[in-house]
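Notes follow once the structure below has been shown.
The values are calculated or read from the model by the stated rules, or taken from the named source; none is laboratory data. If you're wondering where the values come from, they're calculated on a predicted model, not measured in any experiment. Every residue, glycine as well, gets a Cβ built from its backbone with ideal geometry; the counts of neighbours run over all protein chains shown.
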Amino acid sequence: MGEDVLGLWSLVKGLKITGTLFFSKQVTVHYPREGVDNLATFRGPIELVPNPEDPVRPLCIACMTCASTCPTGAISVFKKKVPRPEEGASDETKTAQKAPKGPGKFTYDYTVCCQCGLCAQNCPKGAIRFSGNPCAASTDKKAFEFDLLEKFDNA
Ligand code: SF4
Ligand code: SF4
């Protein structure tokens, strides 16, 4: 008898919780029919910030700080190469030729990124940020190896 009363009381308590939540404001969304608007602090895969003065190029100056700071080796940055000198160019011109600023290649492996944020914190140009993309899903690991220059014109 005692156990029956206890069971009934437990049922009432459970129904009370269910009833309270049933009439409370819904906190989940019907994804993908609905999106969420609270992703400002969400840490999705990192991305490069466009240069505000020239949005088709990234702000990145290929200083390599992010790659050397990243504890998991998720980032690889390669500088742009010095352009091949024109035929007949003088030695002075050849010496004066410098590599254009910016990365020639910038890859990022999301599968090993631990979202620590050290790359973004240490970038001297503020050129890295977390994307607010919460939908990165795939059965193929290669789908998470990103070319971060892909969205820029000079990639
Ligand atoms: S993203 Fe920032 S830290 Fe990384 S290479 Fe570019 S400028 Fe340097
Ligand atoms: S968030 Fe951390 S682990 Fe991910 S790329 Fe940046 S430094 Fe590396």
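If you go through the stretch 16-66 and keep only what is without any contact (Cβ under 8 Å) to a residue 40 or more places away in the chain, among the aliphatic types (A, V, I, L, M) and within 14 Å of ligand 1 (Cβ to nearest atom), you end up with just M64.
Can you confirm whether the stretch 91-106 contains a residue that is aliphatic (A, V, I, L, M), at pLDDT below 75 and within 31 Å of the chain's Cα centre (by Cα)? There is at least one residue in the stretch 91-106 that is aliphatic (A, V, I, L, M), at pLDDT below 75 and within 31 Å of the chain's Cα centre (by Cα).
Among the numbered conditions (1) of a type in the set (A, V, I, L, M); (2) within 16 Å of ligand 2 (Cβ to nearest atom); (3) at pLDDT below 90, the only one that V82 does not meet is (2). Applying the criterion of being in a helix (DSSP H, G or I) and of a type in the set (A, V, I, L, M, F, W, C) to the residues of the stretch 102-122, the residue that is nearest to ligand 1 (Cβ to nearest atom) is C119. Note on the stretch 19-54: residues that are of a type in the set (V, I, T), surrounded by fewer than 10 Cβ atoms within 10 Å (Cβ to Cβ) and over 30 Å from V77 (Cβ atoms) total 3.
Within the stretch 103-155, how many residues turn out to be among the small types (G, A, S) and in contact (Cβ under 8 Å) with a residue 12 or more places away in the chain? Residues in the stretch 103-155 being among the small types (G, A, S) and in contact (Cβ under 8 Å) with a residue 12 or more places away in the chain: 8 in total. Here is the figure for the stretch 118-146: residues that are surrounded by 11 or more Cβ atoms within 10 Å (Cβ to Cβ) and more than 19 Å from C63 (Cβ to Cβ) total 10. When D4 is tested against (1) of a type outside the set (A, V, I, L, M, F, W, C); (2) under 27 Å from L148 (Cα atoms); (3) more than 16 Å from ligand 2 (Cβ to nearest atom), exactly one condition is not met: (2). Which residues, taken from the stretch 123-154, are within 15 Å of ligand 2 (Cβ to nearest atom) and either of a type in the set (D, E) or not in a loop (DSSP other than H, G, I, E, B) (or both)? Scanning the stretch 123-154 gives I128, R129, F130, F144, E145, F146, D147.
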